[in-house]
Ligand SMILES: Cc1ncc(C[n+]2csc(CCOP(=O)(O)OP(=O)(O)O)c2C)c(N)n1
Ligand code: SF4
Ligand SMILES: [Mg+2]
């Protein structure tokens, strides 16, 4: 039978989703995002990834700052912390240092992570804090109705930024690679299967895993990071890309016009907790 043309019945789909177990990771609060927002894919993909990894909700904390993206913990059936604007990573650091057994997932938008919170990423990355940070990049401040953000492209016009954006955008992947993040990847909300597979890999990594997710703000960006444009722009990293090669990862991170999806870089090295434990052992030994 030609599967592409086979009808898809809602009841069958619903049954499949209900039986998959991934809904166990979702709270009873339905997302308040605008219909069509890329964030719906991300919450679905996080549930699917956590289900695939068999992560226990009671040992998981989802931490966020402020913004549409940062409403995320409300929609997860885990412990959650909706903190101050830009402060997800300091909170995540405290939680993980207090209890290294916990799975900690930090989430937030481009404004939260790279504007007000921009000073924190470098330290979480270089110290190799063992958490996953998913950055929802829509190139705009969605919650506050469409101001430009540090990842807005040159010339971007919005309702609250009616003159063209004159500021050069940041290159988050280059930043994270040079800060020393031990796992760096990129995904797109419009490709949900790959997104969930990347989240699974990021959460399975021991150390600071940074996943950059391109995600359209359908309400306040009608011209730039739309599904139509991103569908045409994104492509996979070449098959032969060596994710242990930092220089190769940095070279691919330059492809901002045609963002490349997949795992840029991964390395296995001492985490923040390993270093703290080492210091404790030395202090206890009196050396
Ligand atoms: C200290 C402080 N400054 C400013 C704000 C206003 N504010 C709330 S969310 C936000 C930006 C959100 O943008 P982003 O992080 O990209 O998230 P999005 O809404 O796009 O998901 C700003 C400036 C605030 N809540 N607190
Ligand atoms: S304003 Fe934009 S980012 Fe916020 S929920 Fe709506 S579409 Fe999503
Ligand atoms: Mg944003």
Per 10 angstrom bin, beginning at 0 and ending with the bin that holds the maximum distance, the Cα pairs of segment 1-148 fall in percents of 11, 38, 32, 14, 5, 1
For the chain, calculated [θ]222 nm from helices alone, where every DSSP H run of n ≥ 4 adds -39500 (n - 2.57) = -9500 deg cm²/dmol
Over segment 101-231: Kirkwood hydrodynamic radius from C-alpha pairwise inverse distances, Å | 15.2
4 °C / 1.567 mPa s Stokes-Einstein diffusion coefficient of segment 37-284, Kirkwood radius on C-alpha pairs, µm²/s = 72
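Which order, highest average first, do 267-277, 88-98 follow once you tally other Cβ atoms within 10 Å for each residue and take the mean per peptide?
Details: 267-277: 14.9, 88-98: 20.0.
Answer by packing, highest mean first, reads 88-98, 267-277.
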In segment 158-287 the DSSP beta bridges are antiparallel at a rate, in percent to nearest 5, of 40
Burial-style ranking of 234-246, 209-221, average other-beta-carbon count within 10 Å with highest first, yields 209-221, 234-246
Could you grab the relative contact order for segment 1-133? Cα pairs under 8 Å, six or more apart, rounded to a whole percent.
-> 21
Most to least packed among 148-156, 11-19, 256-264 [average Cβ atoms within 10 Å] | 148-156, 256-264, 11-19
Which whole-number percent gives the relative contact order of the chain, counting Cα pairs below 8 Å spaced six or more residues apart?
-> 17
Segment 5-27 and segment 153-214: distance between their alpha carbon centers, rounded to Å = 29
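Just so you know, all these numbers are worked out from the coordinates, no wet-lab data involved. All figures in this text were calculated on a predicted structure; none of them were measured in a lab. Heads up, the Cβs are rebuilt from the backbone with ideal geometry, glycines too, and the neighbour counts pull from every protein chain shown.
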